[in-house]
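A short write-up of the structure that comes next.
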Amino acid sequence: MLLVLSKRNWGYTINFTMSPNFLLWGKNDPDIKKQLGLLYRYFGVFIEQGKWKKLLRHPILTFGMYFLRFLVGVKYIMRSKN
């Protein structure tokens, strides 16, 4: 678990907003809003295109995955307060 959290030391949102694609499309592009949005990053990406079936088949793994996503979010919040 520490390995997963330690790999998240870089700021995805900050790096992505400096990328050429972000500068080309702008912050009001629907795809950019979708990719950077909280609901899509935590839920949508895991349930789109029939992936929700795998989540239902493996509830323990699903819980573990969401627990790790929660910890990544907590680490981001703690880091952004500093």
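The values are calculated or read from the model by the stated rules, or taken from the named source; none is laboratory data. The structure presented is a predicted model; accordingly, all values stated were derived computationally and were not measured. Reconstructed Cβ throughout: ideal geometry from the backbone, glycine too, with neighbour counts over all protein chains shown.
Structure notes:
- Of all residues making up the range 48-67, the number that are surrounded by 13 or more Cβ atoms within 10 Å (Cβ to Cβ) and hydrophobic (A, V, I, L, M, F, W, C): 3
- Subset of the range 28-47 [exposed (fewer than 11 other Cβ atoms within 10 Å of the Cβ) and either among the polar types (S, T, N, Q) or at pLDDT 90 or above (or both)]: N28
- Whichever residue in the range 69-82 is surrounded by 13 or more Cβ atoms within 10 Å (Cβ to Cβ) and hydrophobic (A, V, I, L, M, F, W, C) and, among such residues, is farthest from the chain's Cα centre (by Cα): L71
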